[in-house]
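Worksheet: the structure to be examined is printed underneath.
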Amino acid sequence: MDRIVIRGGNRLVGTIPISGAKNAALPLLIASLLTTDTLTLRNLPRLADVNQLVRILGNHGVEYTIAGKRPGESVDAGQTVRLDAAHVIDTTAPYELVSKMRASFWVIAPLLARMGEARVSLPGGCAIGTRPVDLLLMALERLGASISIDGGYVVAKAPQGLRGAEIEFPKVTVGGTHVALMAASLAHGTTVIRNAAREPEIADLAECLVKMGARISGAGTDVVEIQGVARLGGASHVVLPDRIEAGTYAAAAAMTGGDVLLEGAKPEALGAALDALRAAGATVTVEELGLRVRRDGGEIAPVDVTTAPFPGFATDLQAQFMALMTRAKGRSRITETIFENRFMHVQELARLGARIRLDGDTAVVEGVDKLDGAPVMATDLRASVSLVIAALAARGETTVNRVYHLDRGFERLEAKLCACGADVQRLAA
């Protein structure tokens, strides 16, 4: 199993191109099941999760081609993938595939909407909480599907097609909103989703569906209306830049006292994270090519944050910001409201010298003057990169083990950091 060795102490200075968003790419890939025509997706990141989902779609009969790089294209240009789901040969998503990646459960929506049936294993994914699928299934039931559980599989049926309905989520759910959007696009009649997730990735999926012929209004707000259509066609769509990757490298720049241009980053997509970074002492400026983040020698100030649905502070940036707070001059409090088991990185940060005390859903971080390198272990996708951020500012050498978590969500991480002056090396197993 690969590991990454980081020798800390170097400022990050330079440009980091931001890849296409993983959290947008996955539902966009799944949307290919909604049409018999070709869906072309550009700026797809080269990630283990993307590759895994493409293989899962292939199991359903989706044919795909991945275009190679074109002359003059940089290594940071995203992939172009063409997907053809003209012949769906299997409406079952088996356990051995779905258990490897939670988002693959969402294939239940297009399979049910287009084929009238789906049999999908209950999901797996990062061990950061139970993350039940009850709200996703509630949305499908509202649209007229019959739902049953059989041997660890969700069996959904709608032989006469889905019907438009009012769907009101009791709490904000990104997965539920993705599923409801895709299913309602082919339902008979009008669907209104209330308390919908407002994340940029939701709006990106809706934009692609509209290009395919869907009739959607309000995406990106908490009330979304969908007029169902009989069929969807092909389209070409560019995946939006990854706000979580941008926020991660912004935290790394602030941690190292660096000066980094995050090329392609969108400030409006980062929500409360930019406010927190500025409060911590970073200077964040919007430039023509993206966002510039720098910290010019001043101390890192302690900042209290609470995770919340967009535009609040993203749970996917909680671990990275905690790493930054380990070097703050004072005490900060980080409260996690989205997932109940997302502090597994705390004990690993402590191995580097961080002082963190857990109090229920809140981590109390006492900033320290220095961190020291040590062997650490990645526990989930976002937690793993928090260890990288801490290691960049630690004295000596840090080895991050189990970096397959990093490969799931961060494209060319070592190369991007090294291009800005970091000393990072991947060692093969």
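The values are calculated or read from the model by the stated rules, or taken from the named source; none is laboratory data. A quick note: this is a predicted structure, and the numbers were derived from the prediction, not measured. Quick reminder, even Gly has a Cβ in these numbers, built from the backbone with ideal geometry, and neighbours come from all protein chains shown.
Look at segment 88-108 and say how many of its residues are assigned to a loop (DSSP other than H, G, I, E, B) and either over 21 Å from L28 (Cβ atoms) or free of Cβ contacts under 8 Å to residues at least 40 places away in the same chain (or both).
Final tally of qualifying residues: 5.
Looking only at residues that are assigned to a strand (DSSP E or B) and of a type in the set (A, V, I, L, M, F, W, C) in segment 154-166, which one is surrounded by the fewest Cβ atoms within 10 Å (Cβ to Cβ)?
Looking at the filtered set, the residue picked out is V155.
Which one of A383, A354, A394 is within 23 Å of A282 (Cα to Cα), small (G, A, S) and either assigned by TED's automatic domain parsing to the domain that holds R198 or modelled with pLDDT under 95 (or both)?
Selected residue: A383, the only one of A383, A354, A394 that is within 23 Å of A282 (Cα to Cα), small (G, A, S) and either assigned by TED's automatic domain parsing to the domain that holds R198 or modelled with pLDDT under 95 (or both).
Test N43 against the stated conditions and say whether it is out of contact with any Lys or Arg (no Cβ under 6 Å at 6 or more places or on another chain) and either part of a helix (DSSP H, G or I) or assigned by TED's automatic domain parsing to the domain that holds G234 (or both).
The answer is yes for N43.
Residue by residue, here is whether (1) touching a strand residue (DSSP E or B) at 6+ places or on another chain (Cβ under 6 Å); (2) without any contact (Cβ under 8 Å) to a residue 24 or more places away in the chain holds:
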{"site": "G298", "(1), (2)": "no, yes"}
{"site": "P302", "(1), (2)": "yes, no"}
{"site": "G330", "(1), (2)": "no, no"}
{"site": "F339", "(1), (2)": "no, no"}
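Restricting segment 9-32 to residues that are surrounded by fewer than 24 Cβ atoms within 10 Å (Cβ to Cβ) and among the small types (G, A, S), which is nearest to the chain's Cα centre (by Cα)?
Within segment 9-32, the match that is nearest to the chain's Cα centre (by Cα) is G14.
Restricting the search to segment 167-220, which residues are in contact with a Lys or Arg (Cβ under 9 Å, 6 or more places away or on another chain), in a loop (DSSP other than H, G, I, E, B) and among the hydroxyl-bearing types (S, T, Y)?
Of everything in segment 167-220, nothing turns out to be in contact with a Lys or Arg (Cβ under 9 Å, 6 or more places away or on another chain), in a loop (DSSP other than H, G, I, E, B) and among the hydroxyl-bearing types (S, T, Y).
How many residues are closer than 12 Å to A184 by Cα and in contact with a helix residue (DSSP H, G or I) (Cβ under 8 Å, 6 or more places away or on another chain) when one looks only at segment 216-231?
Of the residues in segment 216-231, 5 are closer than 12 Å to A184 by Cα and in contact with a helix residue (DSSP H, G or I) (Cβ under 8 Å, 6 or more places away or on another chain).
Would you mind telling me which numbered condition in (1) under 16 Å from the mean Cα position of the chain (by Cα); (2) not in a loop (DSSP other than H, G, I, E, B) L261 fails?
All conditions are met except number (1).
Can you name every residue in segment 87-145 that is closer than 14 Å to H178 by Cα, modelled with pLDDT under 95 and of a type in the set (F, W, Y)?
F105
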